[in-house]
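Asks: Here you go, one structure.
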Amino acid sequence: MTNLISIDRRTVLAAGLGLLAAPIINTRYAMAATSGTENQMNAATPPQINRFKLGSFTVTVVKDGSDVIEKPGSTFGTNQAPETVDQLLSANFLPADKFVNSYSPAIVDTGTDVILVDTGLGAASRERGMGLLKDGLAAAGYTPDQITVVALTHMHGDHIGGLMEDGAPAFKNARYVAGQAEYDFWSDKAREGTPAENGHKLVLRNVAPLAEKTTFIKEGEPVVSGITAMLATGHTPGHMVFHVESDGKRLLMTGDTANHYILSLQRPDWEVRFDMDKADAAASRKKVFDMVATDRIAFLGYHMPFPAVGFVERYETGYRFVPKTYQFDI
Ligand SMILES: [Zn+2]
């Protein structure tokens, strides 16, 4: 009996891996393996993509990578007793000692424009098996030169890291759309000597050289026809979400408004280490996800489990995440 089960498991595993990996064994992926099964999966397989229709638009989500992070409670629920965080994880069938964080830039193809929302971690993270957007674009049938607009939810490294490639713009035909308040904060010399100094330097390297081709927008302004920005601050001072609508179908691209599908959504008030203004971030989480729940629309959360798209319903003191399945396919 034991033997039968293990043979079955081996056969199934071998078949599955063969299907995914055989046509595209790539030494760079193989070499890039680091510790942790998630990273090994990044390293051993081509980037995952997920494509769906939204009205007359096509949305393609690309997995730039994922990593395994120790101690969920030191990132989420930092103002809670550790056992309170552990209990919520356990109740949701999740381990208490580590969590998986994934990165999901996405392309909205309107037929007129090809808009890339956020750019992943970029070249600096490739040796850790991440920064795979470039390969994901190729897998999705896009070349970097086809991107007409790059829109940024905010200017943390995992969102702007892919803007440059070898010191030159990665998307050479694109114009850019970014938040005025976000750029003003990070590009300001006043960040020198503060905890935001590294972010400031990265913005000077990756965003400032593109400023002449960038439209800096405010609350309620369009990215392109059908995509509108809304401020949802707190994670960063100018963090924005993008409301996408085509033929009555809607998707809210929520960026880093909520970054864990259980800890941030079920407990939106819990403090999060990476939220720069914690009270403001909690208020934004509730404003944004109240709208997602009330209007029963889909959302794409950059760090949600791939493909990072789902719905929410109100639940206890927050929201229950309902991952998308075939809603867009039929
Ligand atoms: Zn992020």
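Asks: What number goes with the only condition from (1) within 16 Å of the ligand (Cβ to nearest atom); (2) surrounded by fewer than 21 Cβ atoms within 10 Å (Cβ to Cβ) that ARG126 does not pass?
Replies: (1)
Asks: Looking at region 258-285, I want the residues that are under 16 Å from PHE99 (Cβ atoms) and have a partner that is among the acidic types (Asp, Glu) with Cβ atoms under 8 Å, at least 6 apart or on another chain. Which pairs are those?
Replies: Pairs found: GLN266/GLU316; PHE274/ASP256.
Asks: Limited to region 66-99, what total is found for residues that are more than 18 Å from ASP275 (Cβ to Cβ), buried (at least 20 other Cβ atoms within 10 Å of the Cβ) and either among the basic types (Lys, Arg) or in contact with a Ser or Thr (Cβ under 7 Å, 6 or more places away or on another chain) (or both)?
Replies: 1
Asks: Next question. Conditions first: (1) aromatic (Phe, Trp, Tyr); (2) surrounded by 23 or more Cβ atoms within 10 Å (Cβ to Cβ); (3) within 16 Å of the ligand (Cβ to nearest atom); (4) over 28 Å from SER56 (Cβ atoms). TRP270 passes all but one, so which condition is the exception?
Replies: TRP270 satisfies every listed condition except (3).
Asks: Can you tell me how many residues in region 279-306 are surrounded by fewer than 22 Cβ atoms within 10 Å (Cβ to Cβ), more than 16 Å from the ligand (Cβ to nearest atom) and of a type outside the set (Gly, Ala, Ser)?
Replies: Of the residues in region 279-306, 9 are surrounded by fewer than 22 Cβ atoms within 10 Å (Cβ to Cβ), more than 16 Å from the ligand (Cβ to nearest atom) and of a type outside the set (Gly, Ala, Ser).
Asks: I'd like the residue in region 230-260 that is of a type in the set (Ser, Thr, Tyr) and away from the ligand (no atom under 13 Å from the Cβ) and, out of all such residues, is surrounded by the fewest Cβ atoms within 10 Å (Cβ to Cβ).
Replies: Looking at residues that are of a type in the set (Ser, Thr, Tyr) and away from the ligand (no atom under 13 Å from the Cβ), I get SER246.
Asks: Mind telling me which of the residues ILE217, ILE227 ends up being within 18 Å of the chain's Cα centre (by Cα), more than 15 Å from the ligand (Cβ to nearest atom) and at pLDDT 95 or above?
Replies: ILE227
Asks: Quick check on PHE328: is it under 19 Å from the mean Cα position of the chain (by Cα) and in contact (Cβ under 8 Å) with a residue 12 or more places away in the chain?
Replies: So PHE328 fails the test.
The values are calculated or read from the model by the stated rules, or taken from the named source; none is laboratory data. As the structure is a computational prediction, the values presented were derived from the model and not from experiment. Neighbour counts run over all protein chains shown; Cβ positions are idealised from the backbone, glycine included.
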